[in-house]
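S.K.: First, the structure itself, so that you have it in front of you.
Here, each number is a calculation from the coordinates, and none is a lab measurement. Remember, it's a predicted structure, so these values are computed and weren't measured experimentally. Here the Cβ is made from the backbone with ideal geometry for all residues, glycine too, and neighbour counts use every protein chain on show.
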Amino acid sequence: MTEPVLSIRDLSVEIPTRKGIVCPVDSVSYDIAPGEILGVVGESGAGKSMAGNAVIGLLNPPARIAKGEIWLNGTRIDQLSGDAMRRLRGKEIGMVFQDPLTSLNPLLQIGDQLTETMLTHLDISRSEAEKRAIAALQEVGIPGAADRLNSYPHEFSGGMRQRVVIALALCAEPSLIIADEPTTALDVSVQAQIVALLKKLCRERGTAIMLITHDMGVIAEAADRVAVMYAGRLAELGPVREILTSPSHPYTDGLMASTPLASRGKSRLHQIPGSMPRLNAIPDGCAFNPRCPYAADKCRHDPGPQGVEGRAACWFPIVRERTA
Amino acid sequence: MDLVKVKNLSRTFDVSKPWLNRVIERQPKLFLKAVSEVDFDIAERSTYALVGESGSGKSTIGRMLVGLLTPSGGNVEIEGVDLANETDAAKVAAVRADIQMIFQDPYASLNPRWRVRDIIVEPVLARGGETKGLAERLLEQVGLSAEDAGKFPHEFSGGQRQRICIARALSSEPRLIVCDEPTSALDVSVQAQVLNLMSDLKDSFGLTYLLISHDLTVVQHMADRIGVLYLGRLVEEADPDTLFSDPKHPYTQMLLEAAPRLDAFGREVVPPEGEIPNPIDPPTGCAFHPRCPLAVDRCRAERPELREVGTSRAACHLAE
């Protein structure tokens, strides 16, 4: 097996509050290989973005990494100083946020934003940087790239802006891109364009992508592997087809069943009772036990095994005939 | 029996710069046609869904239906009364009481300083009705508990807040509820709860819904009839089975193709070309022609009328 680009080991993030410490990410481990898209799904409050922010060193204090290790290309990065982390951000890790308008500087032309990023991270001349900026814009499919360098962000539409943000994330040729809900603010047709673009970049450049989203449909189409998170913990991790067609964690199972699907017709949707617990009120034992149809006594006391590749974080995983 | 009849409905917004800028910069007035010549009927006790991407005018239509906006052209008839032109105040008031609305964002649509009880009974109180025990009863009907009536909105999660919004909409015993993206702000598992609740209430109260959504899967699950909007015009109307199995309009086909599917692992989508054009300066002829793979010369010159194609209606020269 090839060396993973990103390797997260037993990562926990904690936030001290007046009422005690809450733990939005709890003992999470996963790897991303080069050229792989790892989908991270979960509902709001599941800790999926928080894990992404921890990787790139953008946790908002007082949130902090409580334990665990983050390895990027064989280097441990969770203990780096602010300066070293800043050199890494943009160069080794690119980031694409949900809202393309707030992640671009409205006062700078996009050409300047692209060249600035490259001049900061790469040892190249300004004219070379400009050439690369045009190439990057062309690569993400912006028509008339050379003429658009002098445009300001507000002159682009939402989908085009998201392309600019992706170009910006790419321009220093990082080995990992963290895309945090990159298509949530976009329309269906534009979403399809952006997903196709991410897949193309991943395939052609071998960039690893961590795709954080709540949309199972996007995951099904784009991701190679998927990590399902619930209340800060990894519920399940594995190849996307396996997890989505025969989930073994009751939460994933309920989530899949509650998504409206054409094939299910007009019958009532399956519903998971209740909602995700708040961080300061995570139940004892398995965090999912109050909503779980299979919960037994054991689940209410013991949090159960940690979710890792091929093993759900559940005492009583659902076993199905795996359809190949 | 049709509860709602929408005829030739249009709405134009003035998006010009201020007068002084127009004079100095010699710019003409600018108008944005958010909705143009939309026609549809909603049968009593059915769910009519409007789908479309942002800027297609679906929310504007919803707002005109409840009377939050006045139409610039055409009319909306509810229970046979044209709300914008009716002069008999008593008739208007009677119809108004039969219409309610549920909004997208349950965080913004509840007053944070009011207790849940006051929020829920307000529509009844406004007409001087009896409200004793009403909030408690409604809360139980939407799956919350009677004790919640004394709490404030911040004590509830998003899904619970949307239930409170639904309880408020139900309190005046409406016949028509306009739901503007009721589940877009909710997580999947909570969305399922709210959609199930909406179906149950429809049956037990005999409600009619106008469901506005961009999510095709939700629409397919809920609707009895679907209207697809593009740039302010109805481009196709059909029942869900026909629409999803045999879409007539190329835009609908594109939308269905582009929507992410749960069972399509690693599907290679040929992503749709282009984006929604600027509604201030829409393309000539069929508004979809710059993105349409089938467009011919006629599409560029002549705007297609909505016409019957099989059991559907489609606005396309080539649909058959």
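S.K.: Which one, B:27, B:244, B:183, is farthest towards the positive end of the dipole of chain B when Lys and Arg carry +1 and Asp and Glu -1 on their Cβ?
M.R.: B:27
S.K.: From the gyration tensor of the Cα coordinates in the range B:48-124, what semi-axes in whole Å does the equivalent ellipsoid have, largest first, with each one equal to sqrt(5λ)? Don't jump to the answer; show the numbers that get you there.
M.R.: Values: eigenvalues 119, 84, 18 Å².
So the equivalent ellipsoid measures 24, 20, 9 Å along its semi-axes.
S.K.: Going by how many other Cβ atoms sit within 10 Å of their own, how do A:85, A:256, B:64, B:1 line up, fewest first?
M.R.: The order, fewest Cβ neighbours first, is B:1, A:85, A:256, B:64.
S.K.: Something else about it: Mind checking the log10 I(q)/I(0) for the range B:100-242 at q = 0.18 Å⁻¹? Debye, one equal scatterer per Cα, no solvent, two decimals.
M.R.: So the normalised log intensities are -1.02.
S.K.: Cut-off 10 angstrom, C-alpha nodes, Gaussian network model of chain B. Which of B:87, B:12, B:70 fluctuates the most?
M.R.: The residue that fluctuates most here is B:87.
S.K.: Take the protein assembly as shown, compute every pairwise Cα distance, and split them into 20 Å bins from 0; I just need the percent in each bin.
M.R.: Using 20 Å bins, I get a P(r) of 17, 48, 32, 3 for the protein assembly as shown.
S.K.: Now for a separate question. Of all the C-alpha pairs in the range B:1-68, what % are more than 14 Å from each other? It would help to have the intermediate numbers written out before the result.
M.R.: Working: 1523 of 2278 pairs.
Everything past 14 Å amounts to 67 percent.
S.K.: Per residue of chain B, what 222 nm ellipticity follows from adding -39500 (n - 2.57) for every DSSP H run with n ≥ 4, rounded to the nearest 500?
M.R.: Per the formula, -9000 deg cm²/dmol.
S.K.: Relative contact order of the range A:200-324, please, whole-number percent, based on alpha carbon pairs below 8 angstrom and at least 6 residues apart. Write down the numbers at each step before the final one.
M.R.: Numbers: 160 pairs, mean separation 30.8, N = 125.
Computed over the range A:200-324, the figure is 25 percent.
S.K.: Expressed as a fraction of 2.2 N^0.38 Å, the rule-of-thumb size for a compact globular protein of N residues, what is the C-alpha radius of gyration of chain B?
M.R.: 1.07
S.K.: Still on this structure: In square nanometres and to one decimal, what's the mean projected area of the convex hull around the Cα atoms of the range A:1-122?
M.R.: On the way: hull surface 37.7 nm².
Spelled out: convex hull of the Cα atoms, projected over all directions, averaged, 9.4 nm².
S.K.: Just to be sure I understand: of the beta bridges DSSP finds with both ends in the protein assembly as shown, what percent are antiparallel, rounded to 5? Show your work: numbers first, answer last.
M.R.: On the way: 50 of 88 bridges.
Looking only at bridges with both residues in the protein assembly as shown, the antiparallel portion is about 55 percent.
S.K.: Mind telling me which of B:139, B:211, B:30 comes out most flexible in a GNM of chain B, alpha-carbon contacts under 10 Å?
M.R.: B:30
S.K.: Hey, rough spin-label estimate for residue B:105 and residue A:270, points 7 angstrom out along Cα→Cβ, what's it come to in nanometres?
M.R.: Output for this residue pair reads 3.4 nm.
S.K.: Still on this structure: Could you please rank B:56, B:184, A:267, B:109, placing first whichever residue has the fewest other Cβ atoms within 10 Å of its Cβ?
M.R.: In increasing order of surrounding Cβ atoms, one gets A:267, B:184, B:109, B:56.
S.K.: Express as a percent, rounded to the nearest 5, the fraction of DSSP beta bridges in chain A (both residues included) that run antiparallel.
M.R.: 55 percent
S.K.: State the answer as a single residue: which of A:208, A:198, A:273 lies farthest towards the positive end of the charge dipole of the range A:186-288, with beta carbon charges of +1 for Lys and Arg and -1 for Asp and Glu, about the Cα centre.
M.R.: A:198
S.K.: Using only Cα atoms, locate the centre of the range B:95-138 and the centre of the range B:206-232, then give the distance between them in Å, rounded to an integer.
M.R.: Between the Cα centre of the range B:95-138 and that of the range B:206-232, the gap is 24 Å.
S.K.: Which value, in debye to the nearest 20, describes the size of the charge dipole of the range B:181-308 about its Cα centre when Lys and Arg Cβ atoms bear +1, Asp and Glu Cβ atoms bear -1, and nothing else is charged?
M.R.: With Lys and Arg at +1 and Asp and Glu at -1, about 300 debye.
S.K.: First obtain the Kirkwood hydrodynamic radius of the range A:90-199 from its Cα pairs, then insert it into the Stokes-Einstein equation at 10 °C and 1.306 mPa s, and state the resulting D in µm² per second as a whole number. Spell out each step's value before the answer.
M.R.: Numbers: Rh = 13.7 Å.
Translational D for this selection: 116 µm²/s.
S.K.: Quick one: which residues, 5 or more positions from residue B:234 or on another chain, have an amide H under 5 Å from its amide H? H modelled 1.01 Å from N in the peptide plane, none for Pro or chain starts.
M.R.: B:39
S.K.: Grab the DSSP H runs of chain A that are 4 residues or longer, score each as -39,500 (n - 2.57), total them, divide by all residues and round the 222 nm result to the nearest 500 deg cm²/dmol.
M.R.: My calculation for chain A gives -9000 deg cm²/dmol from helical runs alone.
S.K.: Compare A:48, A:298, A:19 in a GNM of chain A, Cα atoms joined below 10 Å, and give the one with the largest fluctuation.
M.R.: A:19
S.K.: Take the residue pairs B:58/B:202; B:5/B:151; B:91/B:202 and return only those whose Cα atoms are more than 31 Å apart.
M.R.: B:5/B:151
S.K.: Can you tell me what the convex hull of the Cα atoms of the range A:196-324 projects to on average, as an area in nm²? Before the final figure, lay out the partial values.
M.R.: Numbers: hull surface 37.8 nm².
For the Cα atoms of the range A:196-324, the hull's average projected area reads 9.5 nm².
S.K.: Just need log10 I(q)/I(0) for the range B:1-132 at q = 0.10, 0.13, 0.15, 0.18 Å⁻¹, Debye formula, equal scatterers on the alpha-carbon atoms, no solvent, rounded to two decimals.
M.R.: Listed by q, the Debye log ratios stand at -0.47, -0.74, -0.91, -1.12.
S.K.: For the range A:22-53 and the range A:102-119, what is the separation of their Cα centres, given in Å?
M.R.: With the range A:22-53 and the range A:102-119 each reduced to a Cα centre, they are spaced 28 Å.
S.K.: Could you line up A:294, A:251, A:30 from fewest to most neighbouring Cβ atoms inside 10 Å?
M.R.: Lowest count first: A:294, A:30, A:251.
S.K.: Here is a further query. Quick query: amide H of residue A:311 versus all other amide H atoms, modeled in the peptide plane; which residues come in under 5 Å with a sequence gap of 5 or more or a different chain?
M.R.: HN-HN under 5 Å from residue A:311: A:237.
S.K.: Quick one: if you stick a label point 7 Å off each Cα along the C-beta vector at residue A:204 and residue B:70, how many nm between them?
M.R.: 5.4 nm
S.K.: Can I ask one more? What number does the range A:140-202 give for Rg over Rh if you use C-alpha atoms and the Kirkwood radius? Each step should come with its number before you reach the end.
M.R.: Values: Rg = 11.6 Å, Rh = 12.4 Å.
A ratio of 0.94.
S.K.: Follow-up question, since we're still on this one. Pairs of lysines 8 or more apart, or on different chains, with alpha carbons under 26 Å: count those in chain A, would you?
M.R.: 12
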